[in-house]
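Please read the structure below before turning to the comments.
The values are calculated or read from the model by the stated rules, or taken from the named source; none is laboratory data. Given the structure is predicted, the values throughout are model-derived calculations rather than measurements. So basically every Cβ, Gly included, is an ideal-geometry build from the backbone, and we count neighbours across all protein chains shown.
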Amino acid sequence: MNKITNFIKKKYKILIPIMVVFVLLITVFYLYKEYKYDNYRNKVEYNVYQCFGNKKKEYTAIVTYNLKDVIVDIEDKDKRVQYSSIPVYFMDEEKILFPAEMSIVFPQENGSQYKLYKYTTYEKKDDIYRIVSGRNNGIYNHFFLFDNKGLYFFSDSVTLKLDGEDYVTLGAHSYAEIYGGYTLTYYDTESDKVETIELDGKKVTAENNYLKLSLSDKYYYIFDEKTLLIPSYNLNGLLSD
């Protein structure tokens, strides 16, 4: 034991740098493995569609996954689509991708609001719709999404009203968008119809058994009390990695 102690005392000036280098090499090795793991790219092509104005556009999208099977990018194969918060509907499976960060609101759960991160999907797994964000997923009902501007996605069927008068009933997983307070565009999954109309000063609301929402003024009701929508950047994430 004394021999070892004496040896260390004599050689510590050499041993310390060697140990430091050894620790650094181990650290670099694990950081490289993690970097490679996170930045691996697997590109998969899907047939999808989106609605722009009055037109429904079908195209091939390239969705990029990392090694953790997490979506990290989406692009039009022909590079003609500029992605915003307009949902991307998959044609060959029951799946919807949200290219932008969104707020998710649960009116029946005391109006709880959370953040959904970019590239979150809403998809059918084992005959049940789930929200999938990164490697996490959860089953949620009776919610709507808001893009902090004017687009709303509905998990359930809703009736759009203009100044309180029924205008159109949208099927589940439809969306509506207000442009500048003057124009309404909606996509109805039930009829596969997209329409744009001028509002001429009329207020737009969406209602069903679970929801009463003002699209025009960005508030909804909880127990007959108006509640303002909170921007997603001020909210906690619903699902986190």
If we keep only residues of the range 216-241 that are assigned to a strand (DSSP E or B) and of a type outside the set (D, E), then the residue nearest to A100 (Cα to Cα) is G237
Counting just the residues of the range 104-115 that are in contact with a Leu (Cβ under 6 Å, 6 or more places away or on another chain) and not in a loop (DSSP other than H, G, I, E, B), which one comes out surrounded by the fewest Cβ atoms within 10 Å (Cβ to Cβ)? Y114
Selected residue [basic (K, R), in the same structural domain as F146 (by TED's automatic domain parsing) and under 15 Å from N110 (Cβ atoms)] from K202, K226: K226
Residues within the range 182-203 that are under 24 Å from the mean Cα position of the chain (by Cα) and either without any contact (Cβ under 8 Å) to a residue 60 or more places away in the chain or not in a strand (DSSP E or B) (or both), tallied: 7
Considering residues of the range 118-154 that are of a type in the set (G, A, S) and surrounded by fewer than 22 Cβ atoms within 10 Å (Cβ to Cβ) only, the residue modelled with the lowest pLDDT: G134
When residues of the range 74-118 are limited to those that are basic (K, R) and touching a residue at least 24 places away in the same chain (Cβ under 8 Å), the one farthest from V63 (Cα to Cα): K115
Residues in the range 166-217 that are on the phi > 0 side of the Ramachandran plot and either at pLDDT 95 or above or surrounded by 16 or more Cβ atoms within 10 Å (Cβ to Cβ) (or both): how many? 2
Mind telling me which of the residues S174, S157, S216 ends up being within 16 Å of S85 (Cα to Cα) and either free of Cβ contacts under 8 Å to residues at least 60 places away in the same chain or touching a Pro at 6+ places or on another chain (Cβ under 8 Å) (or both)? S174
Out of curiosity, is Y49 closer than 25 Å to I128 by Cα, part of a strand (DSSP E or B), touching a strand residue (DSSP E or B) at 6+ places or on another chain (Cβ under 9 Å) and modelled with pLDDT of 90 or more? yes
